[in-house]
């Protein structure tokens with residue numbers, strides 16, 4: 001719970017938002033394309049190092065230690081809170097602390113609220129902004145402090161959603177430098193290794209989230225993978241193509257197939273032409289399926305049947321559409337379909353089905 005106190009009107013406002021105090025907060029990212037997972041660690045830089053080194057007890061000190069589906073961190077960059085983040089950074093400037101207590105209090109409320117969110121990028125930036133305030137509140141105001149506050153909040157003030165939706169279409173022909181301003185590349189990142197088999201690489205930042213964003217995009221695009229939205233659930237995921245919209249998982253694919261079957265069943269329930277067509281089509285299809293699996297049928301005979309089946313399907317679809325949309329006789333269509341069963345039976349009379 002957020003609270004503050006002040007001894008008198010001339011003294012400094014003491015803030016105590018519900019957020020951990022850090023001295024060297026950092027965020028680490030490891031990407032596993034094969035397993036389709038990302039791993040995020042947030043905490044003191046020393047605790048992250050000790051955790052990756054496998055030192056007992058270090059993991060318990062981490063503030064975040066989470067494995068998530070691939071692409072989740074990139075999705076975190078889509079969220080924005082432009083004005084609130086800007087006001088929070090301004091409220092933490094040394095010159096503002098005593099002249100604009102409303103901005104100061106708003107900044108403390110902001111970091112407390114953001115730290116409680118599910119957006120791990122925001123949680124790190126809230127920790128980093130609060131750490132910066134605690135380090136500079138009693139120092140002389142300077143442009144350097146202003147710039148650093150702005151750099152910390154920058155990823156929260158712009159959305160990268162439109163970039164993700166367009167860059168992957170052209171990145172395979174070029175590189176990220178052609179699509180990003182140099183401001184994206186000004187922030188350094190550490191490279192650390194986890195004591196494990198196989199060796200896991202982490203990129204770690206202690207100021208801005210931007211180097212993790214750049215690393216993520218470069219990792220995905222150089223593997224000729226692409227960000228896509230699942231055509232069923234809408235979740236961002238990593239796909240092997242950007243030309244055909246696909247599903248993020250087998251669960252979504254199967255759920256969509258089930259829904260399509262139900263939609264089709266609902267459609268044909270009151271459509272006599274559709275039901276008659278489907279019954280005759282399946283009559284052909286099931287017998288053709290057995291013939292395709294047979295090792296005894298002559299390949300030339302099978303090819304002849306395949307061509308006849310294709311002709312039937314095209315003609316049946318045409319006639320069905322005429323019944324459904326042009327008012328042709330349902331009875332005539334039903335009689336023609338029945339005759340087509342005789343055609344197939346005649347072609348396969350000497351075959352074992």
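The values are calculated or read from the model by the stated rules, or taken from the named source; none is laboratory data. Source: prediction; values computed, not measured. Note that we place each Cβ from the backbone using ideal geometry, even for glycine, and neighbour counts take in every protein chain shown.
Tell me, please, whether a residue that is within 20 Å of residue 77 (Cα to Cα), in a helix (DSSP H, G or I) and touching a strand residue (DSSP E or B) at 6+ places or on another chain (Cβ under 8 Å) can be found in the stretch 192-208. No, the stretch 192-208 contains no residue that is within 20 Å of residue 77 (Cα to Cα), in a helix (DSSP H, G or I) and touching a strand residue (DSSP E or B) at 6+ places or on another chain (Cβ under 8 Å). Only one entry of 190, 216 meets the criterion of being at pLDDT 95 or above and farther than 30 Å from residue 99 by Cβ, and that entry is 190.
The helices (runs of 4 or more DSSP H) found entirely in the stretch 77-169 that carry 1 or more residues being more than 33 Å from the chain's Cα centre (by Cα) and either crowded, with 17+ Cβ neighbours inside 10 Å or in the same structural domain as residue 212 (by TED's automatic domain parsing) (or both) are 82-91, 94-97, 101-115, 120-136, 143-157. Report yes if some residue within the stretch 8-23 is under 23 Å from the mean Cα position of the chain (by Cα) and either at pLDDT below 90 or not assigned by TED's automatic domain parsing to the domain that holds residue 131 (or both); otherwise report no. So far as the stretch 8-23 goes, no, none of its residues is under 23 Å from the mean Cα position of the chain (by Cα) and either at pLDDT below 90 or not assigned by TED's automatic domain parsing to the domain that holds residue 131 (or both). As an exercise: evaluate residue 302 against (1) surrounded by 11 or more Cβ atoms within 10 Å (Cβ to Cβ); (2) under 48 Å from the mean Cα position of the chain (by Cα); (3) within 26 Å of residue 275 (Cβ to Cβ) and give the number of the one condition it does not meet. Going through (1) surrounded by 11 or more Cβ atoms within 10 Å (Cβ to Cβ); (2) under 48 Å from the mean Cα position of the chain (by Cα); (3) within 26 Å of residue 275 (Cβ to Cβ) one by one, residue 302 breaks only (3).
If you go through the stretch 314-334 and keep only what is within 42 Å of the chain's Cα centre (by Cα) and exposed (fewer than 15 other Cβ atoms within 10 Å of the Cβ), you end up with 314, 317, 318, 321, 325. Can you confirm whether residue 232 is at pLDDT 85 or above and in a loop (DSSP other than H, G, I, E, B)? Taking the combined requirement at face value, the residue satisfies it. Of all the listed residues (260, 218), the sole one being in contact (Cβ under 8 Å) with a residue 40 or more places away in the chain, over 27 Å from residue 345 (Cα atoms) and either part of a helix (DSSP H, G or I) or not assigned by TED's automatic domain parsing to the domain that holds residue 89 (or both) is 218.
Out of all the residues in the stretch 36-48, is one or more more than 19 Å from the chain's Cα centre (by Cα), loosely packed, with under 14 Cβ neighbours inside 10 Å, on the phi < 0 side of the Ramachandran plot and modelled with pLDDT of 95 or more? Looking for residues that are more than 19 Å from the chain's Cα centre (by Cα), loosely packed, with under 14 Cβ neighbours inside 10 Å, on the phi < 0 side of the Ramachandran plot and modelled with pLDDT of 95 or more, one finds at least one in the stretch 36-48, hence yes. The selection criterion, being touching a helix residue (DSSP H, G or I) at 6+ places or on another chain (Cβ under 6 Å), at pLDDT below 85 and surrounded by fewer than 19 Cβ atoms within 10 Å (Cβ to Cβ), does not hold for residue 227.
Taken together, the residues in the stretch 280-298 that are assigned to a helix (DSSP H, G or I), free of Cβ contacts under 8 Å to residues at least 40 places away in the same chain and farther than 11 Å from residue 316 by Cβ amount to 7.
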